[in-house]
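First up is the structure itself, then whatever we jot down about it.
Just so it is clear, none of the values below were taken in a lab; they were calculated from the coordinates. From a predicted model like this one, the values you see are computed outputs, not experimental measurements. Positions of Cβ are backbone-derived with ideal geometry, glycine not excepted, and every protein chain shown enters the neighbour counts.
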Amino acid sequence: MIIKDQRGSASVLALFMVICIFSVGALVADTAKHFCVKIAVKQKLNISLRSAAAQLDGDELKNANLVIDEAGAVQAFIEVLKINLVLDGSLTPRAGSILNAGPARIEYFKVVKPGEIPFTYTFGGYTETVDRVAVVGIISFPVKNGIFSRLAGSPETGTIYCHATAAPELISRSADEI
């Protein structure tokens, strides 16, 4: 009798499917939000590294040599990063920052000098070879996971890593070409 009476089974199946669709939609929205934040942070990291790469040694530049002043590069990188990501002195987000789950961390920062070229480094599973004077930076920051991600077993916060490399370029032109 129970096997033959299937009234209501379509309703249970429909309810189950609606719950699954909303859950998958929430997970997709959560992932998309994290991806958008990562892209925005990567752009701001790139701007910070470009600022650091612009800190050239003036004496070497007179001889047409690109050498980045390391102390100036570190200072410029941190200052521009703090301004762009709206961070305080300890890299903790202030009001209006796109980061909201905790402080950012500078995981790796390197000024590649002319004598170190080619320079290869590895961070986690990522490896890059830099073939010119440049500045490399990797930062990490926590992000809050949504309710459905947490229900699926994710922790309350996750960590996102952003990597970028910026290199100055010396373009030689005569005065009439400018």
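Tabulated data
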item	result
Folded to 0 to 90 degrees: helix 9-53 orientation relative to the chain principal axis, Cα	10
Between segment 7-38 and segment 90-112, the alpha-carbon center distance in angstrom	32
Loop-located GluC sites (Glu not before Pro) in segment 115-174 whose Cβ has at most 13 other Cβ within 10 Å (DSSP)	Glu156, Glu169
Given (i) 13.9; (ii) 9.1; (iii) 16.8, the label whose value is mean projected area of the Cα convex hull in nm² derived from this model	(iii)
Exposed trypsin sites (Lys or Arg not before Pro) absent - longest run of the chain, DSSP non-H/G/I/E/B, at most 12 other C-beta within 10 Å	8-93
Local electrostatic count at Glu156 - Lys and Arg +1, Asp and Glu -1, tallied over other residues with Cβ under 12 Å	+2
Alpha-carbon spread of segment 130-177, three principal axes, descending order, Å	65, 21, 12
Acute angle (nearest 10 degrees) that the helix 70-85 long axis makes with the longest principal axis of the chain, alpha-carbon atoms	40
Cross-link partners of Lys44 among lysines (Cα-Cα below 18 Å; sequence separation of 8 or more within a chain)	Lys33, Lys82, Lys110
Theoretical gain in end-to-end length, Lys144 to Leu15 [0.36 nm per residue, Cα-Cα removed]	43.6 nm
